[in-house]
Amino acid sequence: MARTSRLTRVARRLLPVLAVALLLGAALLMANDAAGDSRLGAWYPWMLGACVLALVALLVMIVQRLWRLRAELRRGVPGARLNRRVMLMLLILALPPVLVVYAFSLNFLHATIDTWFNVRLERALSDSLEIGRAYIDERLRAAQQTATASAQQLADVADDELQSRLDGLIDAQGALQLSVFGADQSVLATASSDAQLLAPLVPDSAVLLQVQGAGRYAAAEPVGARLLLRVVQPLPRAAPGAARLLQALYPLPAQMQTLTSGVEQANFDFQRLKYLRESLKLTFTLVLTFVSLLSVLFALMMAFGIARRLTAPIGRLATATRAVSIGRYDTPLPIRSDDELGFLLASFGQMQRELELSNSRLTHSAQETENQRAPARSVLERLSAGVLGLDRAGILRTSNRAAETILDAPLPRYQGQHLSQVRRDYPALAPLLDGILAHVREGAREWREEVVLERGDERRILMLRGAELGESGDGSGVVAVFDDLTQLDRAQRDAAWAEVARRLAHEIKNPLTPIQLAAERLRRRFMGRLPPDETELLDRATHTIVAQVEALKAMVNSFGDYSRPPQIDVRPLSLHALVGEVLDLYENDQRIQLTRKFAPGDPILRADAGRLRQLLHNLLKNSLEAIGDARKPHIEVSTRDILENGQDWTELAVADNGPGLPEGFGARWFEPYTTSKSKGTGLGLAVAKKIAEEHGGSLRADNRPGGGAVFTLRLPRESRDSGAVRNPLEQA
Amino acid sequence: MALWKSTTSVLCCIALAACAGAPQAFVVRGASVDSGMLAARLEWRPDARVLEALDNGIALQFDVRVQAQGASTWFWRPTVAARTRHLQLRYFPLSRQYQLRDLDLNQARSYAARALALAALEDLRLPLPEWKAANAERYRLEIDLDRNALPGALRMPALFQPAWRRCNGEFAWPARAG
């Protein structure tokens, strides 16, 4: 296969050269042949065919190369456009001179051929020919006279004596040949003084016709290389029916023979050349056209070759550049010349190798860095504190998952962007981000502060710590770490409230009983003993003291409930059964209208039935107190099952038709001593929330679209096969 | 102008070259071969361009080919005997003579007028030396102008110009009749 392709390549290179050589040889031969008299005529059709074949071969090769160039241009092969440009430039350089030379050569050729035919020269040659003819006519007349004299002498000679008489006459008259023919054209006698004219020339019918008509035939005739004077005339006094003819051949004088022959040859050549003038022009035009076509086509071929040779290294360079741009450095760049292009290729190859080496080092280094960073990133991802890494310009470089969770913002999406972009999209984070950016701008080495974020009704307390990266303080960036203190803060607050409640219960509840007993003793002792008006005053005062002490006891008990540590007895129970039991207590109350909307099925919870019952009472009481006396209370209790984050939940919603949640209702409304009601202790919702959280659930409050508020308790649902379901009544 | 004319001539020549099969100007009216002598009656109406060439000193050379052919088998007819004779017609301006020369026998006849020379050409009598064609079934005579013998400058136009291409003719006749 390789051998075949090499042969093909060699043939491709040799074919144009052979075609050109063939055309040149043929053109040269035809030009020489046209000018001279060589015998190449038999080869003319072959030579013309070879020329046409060579031209066609060249044309085919050119068309093939054009087609290939067109295909390369369409495919966008590197170097193709440059190839076309170089080729066009070479053609522009080569074609005009060829065409100009062709036109000028043609004109020059025609003009030169025309100058060969000088009028004066033609006249001179014509005159010399006429002189020659005049001389020959003169000599012919003399020959006729001599022949006539000879005929007179032979008139009465018998046939058998003719030969001897002719032998005598021929030398006397200086004739080359004397012959006597009979009536039947038979040779009666002949004598010759020239060895080349031993055989007599027999007069043909044309000669005989002239003899009969004019009485004599006399003409100069070319015989061999000589011009002879031939006279044929009848012998006089011949017997009727036996006419005899005398034929005499006379030479021209030797000198005149040469001169007349020269004159005739010159005239002959001139006339022939004159006649061939147009043919010569046509032949030379054809030859010149062939040569010009050859030049044009060869120039085209050369342009193709040179353009390809020039642009091939650049095309390879373009290919290699493209490969480098996509990270490939293995494109081979063979260097076939020691010129500037070769130097360029060598330099590019060197650069390619260095790039490959650098890239390899870089990849290795990146891999090592990544290996080193992997544990750090793993640690970073598992931190509960949020971490933000920024450069000195405030561009976010890294963040961890905790930061994303705490700030509730897709921070990875903002990597590489300025932190102010995050601030613009999440204005609620402004206190944190502004603080960080301010410290970055100030160039602070280290800082620590507490930041409060408020988003709607949610309030988060963050502890922000920041430090400059790098020990030398070269300003490579800063890292900001923040912890969510909200839960901690709430726990601390809850603990504080529990302590307050416990102390209140301890400090207040103890003196209440003696106060109540003292008031009741006063009442029993002095009732009826005092005047009626004073008795009434005593009754009203002691009644008030007892009532207020009862109220204080209730409040202290509530504080006791809130402050009690969570000691719950968790067991599986049916929520619908427990809720139904509680609602049954309110069913006969004419003041309210109760609606139950339970979800299909029976959700099972793991809960403390007593605490849960207390929670429901608190919610129902809260709703009743919120509705007030303005309208007839309508409370709707509904349940539904939901699936969130892979966990089954059951939600219990207690909705009322009251005025709805007060303005600014938030998380703090679930803290003790927060109430909008005049008679409330401010502990109902706090206790309810506490019970919900004790069960791993949550409690939230919303406004209903049609008016009123809805408190939603969410508790984790137990799968049915987790254990026997206990009747809440039994538990109670 | 000259360039335009030359280019047109070249194109015309190439176009004419593509046209094959021109009518023949040589017509052989009759021929016979008897005792080694070819006698043929021809009719030649040469183009004026050919006669002009003759009068301007261009020698016209004719090839006369005689073939004796045997019985044909399938599509092949064997040649029993063949001879080619070469004749030359030429004008001598000094003596104003036209000469018809047998180039093979080196014999020449001169004629004072072109018509006489052409008449001599049309009434051919040529000896065929060592002619042996006993088994011949038919004879075939071809005569044509030898364009290769023309001057070099005239050869290329003669390839294309009809005046030169038509100078040929052929004739075949059964051996018994001959």
Once label points are set 7 Å from the Cα along Cα→Cβ at both A:R382 and B:W76, what is their separation, rounded to one decimal in nm? 10.4
May I ask which residue of A:A248, A:P234, A:L166 lies farthest towards the positive end of the charge dipole of the range A:163-262, with charges of +1 (Lys, Arg) and -1 (Asp, Glu) on Cβ and the Cα centre as origin? A:P234
For A:E404 and A:S126, compute 0.36 nm times the residue count separating them, minus their Cα-Cα distance, and round to one decimal in nm. 88.0 nm
Tilt relative to chain A, helix A:254-275 - C-alpha long axis, 0 to 90 degrees, to 10: 30
Quick one: compute the contact order of the range A:139-263, relative version, from alpha carbon pairs under 8 angstrom and 6+ residues apart, as a percent. 28
Taking alpha-carbon centroids only, the range A:213-235 lies from the range B:100-143 a number of Å equal to 23
Please pull out the direction-averaged projected area of chain A, using the convex hull of its alpha-carbon atoms, in nm² to one decimal place. 78.6
Mind giving me the nanometre distance, one decimal, between the label points for A:L93 and A:T544, set 7 Å out from Cα along Cα→Cβ? 12.4
Place a point 7 Å from Cα of A:E520 in the direction of its Cβ. Which residues in the range A:539-557 have their backbone N less than 17 Å from it? A:539-554
Positive end of the charge dipole of chain A (Lys, Arg +1 and Asp, Glu -1 on Cβ, about the Cα centre): tell me which of A:F108, A:T544, A:A151 has its Cα farthest that way. A:T544
Between the modelled labels at A:T535 and A:D569 (7 Å from Cα along Cα→Cβ) the distance in nm is 5.0
I'd like the orientation of helix A:44-75 relative to chain A: the angle between its Cα long axis and the longest Cα principal axis, in ° from 0 to 90, rounded to 10. 10
Among A:G342, A:L121, A:F284, whose Cα sits farthest toward the positive end of the charge dipole of chain A (+1 at Cβ of Lys/Arg, -1 at Cβ of Asp/Glu, about the Cα centre)? A:G342
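Only bridges whose two residues both fall in the protein assembly as shown count here: according to DSSP, what percent of them are antiparallel, nearest 5? The partial results should precede the final answer.
Numbers: 128 of 134 bridges.
Close to 95 percent.
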Integer Hz, Karplus 6.51/-1.76/1.60 couplings in order for the range A:101-112, x for Gly and Pro: 4, 4, 5, 5, 5, 5, 5, 5, 4, 5, 5, 5
Quick one: Cα centre-to-centre distance for the range A:178-201 and the range A:247-296, in angstrom? 36
In whole angstrom, note down how far apart the Cα centers of the range A:313-340 and the range A:147-175 are. 106
Report, in degrees rounded to the nearest 10, the 0 to 90 angle that the Cα long axis of helix A:277-325 makes with the longest principal axis of chain A. 20
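Any idea what the relative contact order of chain A is, in percent, if you count C-alpha pairs under 8 Å spaced at least 6 apart? Let's see the in-between values first.
Details: 927 pairs, mean separation 58.1, N = 732.
This gives 8 percent for chain A.
What does the extension gain come out to for A:R631 and A:D114, with contour length at 0.36 nm per residue minus their alpha carbon separation? Walk me through the intermediate numbers first.
Details: separation 517, 0.36 × 517 = 186.12 nm, distance 13.46 nm.
Gain in length upon complete extension: 172.7 nm.
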Three principal axis extents, largest first, for the C-alpha atoms of the range B:51-161, in Å? 53, 31, 20
Can you sort A:R611, A:R529 so the residue with the fewest Cβ neighbours within 10 Å comes first? A:R529, A:R611
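Subtracting the Cα-Cα distance from 0.36 nm times the residue separation, let me have the gained length for A:D194 to A:L585 in nm, one decimal.
Gain in length upon complete extension: 123.2 nm.
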Rg and Dmax of the range A:73-209 over Cα atoms: what are they, in angstrom? 36.1, 110
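Please report A:T405, A:T712 as a ranked list, fewest other C-beta atoms within 10 angstrom at the top and most at the bottom.
Working: A:T405 13, A:T712 18.
Least to most surrounded, the residues fall as A:T405, A:T712.
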First measure r as the distance between the Cβ atoms of A:L209 and A:A149, then evaluate 1/(1 + (r/R0)^6) with R0 = 30 Å and state the FRET efficiency to the nearest 0.05. 0.75
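Translational diffusion coefficient of the range A:343-492 at 4 °C, 1.567 mPa s, Stokes-Einstein with Kirkwood Rh over Cα pairs, in µm²/s as a whole number. Please list the in-between numbers first.
Working: Rh = 17.5 Å.
Diffusion coefficient, whole number: 74 µm²/s.
With the cut-off at 28 Å, tell me which of the pairs A:K553/A:K690; A:K553/A:K597; A:K509/A:K632; A:K632/A:K690 have Cα atoms farther apart than that.
Numbers: A:K553/A:K690 21 Å; A:K553/A:K597 37 Å; A:K509/A:K632 37 Å; A:K632/A:K690 30 Å.
Violating the 28 Å Cα-Cα cut-off are A:K553/A:K597; A:K509/A:K632; A:K632/A:K690.
Each reported figure results from applying straightforward, stated rules to the coordinates on display, with no laboratory input. This is a predicted model, so every value here is computed, not measured. So basically every Cβ, Gly included, is an ideal-geometry build from the backbone, and we count neighbours across all protein chains shown.
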